[in-house]
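K.L.:
One structure coming up, written as structure tokens, with questions to follow.
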Amino acid sequence: MKTQVLYATMTGHSKKIAHAIAKDLDTKAHDLKDDPIIPNCDLLLIVSGIYSGEAKPELLNYVKNLSPTLIKKVALITSSTRNSAQGSLRQTLVDTGINVEPEEYLCQGGFLFKAMGHPNKDEIEGAVTFAQKLVKEPVLS
Ligand SMILES: Cc1cc2nc3c(=O)[nH]c(=O)nc-3n(C[C@H](O)[C@H](O)[C@H](O)COP(=O)(O)O)c2cc1C
């Protein structure tokens, strides 16, 4: 399965998670800041935090331009102090016609005095295990 990883970060947690996954799957972690061109793939893992209840606006804009014919499926990996799931990000992907994995990997990500020390080693490993499970699933036609 051809897999790519994209991350959008403010404080570095998503970068850490994305690089751990990319290393394990032997693929590339693309930083949203670079406005990357994602190669055709069966699975795109999007790693991001939540800021004031939402994904970064730049990420929401970026995913509007993803092509469902080039990206077969997207799965979300999200850290936030409240273990929240992505709302607008998932909806924007669905509106764009992208097939989005229903399961989302959620973990804590500390900010100021809340959830300090997260994501920890186990949570990062959990994200890697989630990705490993998805890449074993059959490729969508
Ligand atoms: C400006 C800002 C706003 C945040 N707002 C929320 C929020 O509304 N809800 C929440 O659960 N976490 C919130 N957080 C915590 C982040 O989602 C969490 O620290 C996440 O791990 C950050 O990922 P990153 O390091 O990749 O940017 C916020 C963090 C920042 C920096």
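K.L.:
Those residues that are more than 12 Å from the ligand (Cβ to nearest atom) and under 17 Å from the mean Cα position of the chain (by Cα), I need them from segment 109-125; list them, please.
P.N.:
Result: Glu125, single match.
K.L.:
Assess whether Ala8 counts as being more than 25 Å from Lys114 (Cβ to Cβ), surrounded by 20 or more Cβ atoms within 10 Å (Cβ to Cβ) and hydrophobic (A, V, I, L, M, F, W, C).
P.N.:
For Ala8, the condition - more than 25 Å from Lys114 (Cβ to Cβ), surrounded by 20 or more Cβ atoms within 10 Å (Cβ to Cβ) and hydrophobic (A, V, I, L, M, F, W, C) - is not met.
K.L.:
Based on what the data block shows, is Gln86 in contact (Cβ under 8 Å) with a residue 60 or more places away in the chain, of a type outside the set (Lys, Arg) and either crowded, with 19+ Cβ neighbours inside 10 Å or not in a loop (DSSP other than H, G, I, E, B) (or both)?
P.N.:
Considered against the rule, which asks whether it is in contact (Cβ under 8 Å) with a residue 60 or more places away in the chain, of a type outside the set (Lys, Arg) and either crowded, with 19+ Cβ neighbours inside 10 Å or not in a loop (DSSP other than H, G, I, E, B) (or both), Gln86 comes out as no.
K.L.:
I need the full set of residues from segment 89-108 which are in contact with a helix residue (DSSP H, G or I) (Cβ under 8 Å, 6 or more places away or on another chain), outside any loop (DSSP other than H, G, I, E, B) and within 16 Å of the ligand (Cβ to nearest atom), in order please.
P.N.:
If the condition is that a residue be in contact with a helix residue (DSSP H, G or I) (Cβ under 8 Å, 6 or more places away or on another chain), outside any loop (DSSP other than H, G, I, E, B) and within 16 Å of the ligand (Cβ to nearest atom), then Leu89, Tyr105, Cys107, Gln108 are the ones that fit.
Let's see how each residue does on (1) within 12 Å of the ligand (Cβ to nearest atom); (2) part of a strand (DSSP E or B); (3) without any contact (Cβ under 8 Å) to a residue 60 or more places away in the chain; (4) under 11 Å from Ser79 (Cα atoms):
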position: Met10; (1), (2), (3), (4): yes, no, yes, no
position: Lys33; (1), (2), (3), (4): yes, no, yes, no
position: Ile37; (1), (2), (3), (4): no, no, yes, no
position: Leu44; (1), (2), (3), (4): no, yes, yes, no
position: Val47; (1), (2), (3), (4): yes, yes, no, yes
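K.L.:
Of the residues Glu137, Glu103, which single one is at pLDDT 95 or above and of a type outside the set (Phe, Trp, Tyr)?
P.N.:
After applying the criteria, what remains is Glu103.
K.L.:
Somewhere in segment 99-115, is a residue more than 17 Å from Gly12 (Cα to Cα) and polar (S, T, N, Q)?
P.N.:
Checked segment 99-115: at least one residue is more than 17 Å from Gly12 (Cα to Cα) and polar (S, T, N, Q).
K.L.:
For Ile77, all conditions in the list (1) part of a helix (DSSP H, G or I); (2) under 14 Å from Leu6 (Cα atoms) hold save one; what is the number of the exception?
P.N.:
Of the numbered conditions (1) part of a helix (DSSP H, G or I); (2) under 14 Å from Leu6 (Cα atoms), the odd one out for Ile77 is (1).
The values are calculated or read from the model by the stated rules, or taken from the named source; none is laboratory data. In this text the structure is predicted, and so the values were computed from the model without any measurement. Please note: Cβ atoms are built from the backbone with ideal geometry, for glycine as well, and neighbour counts cover all protein chains shown.
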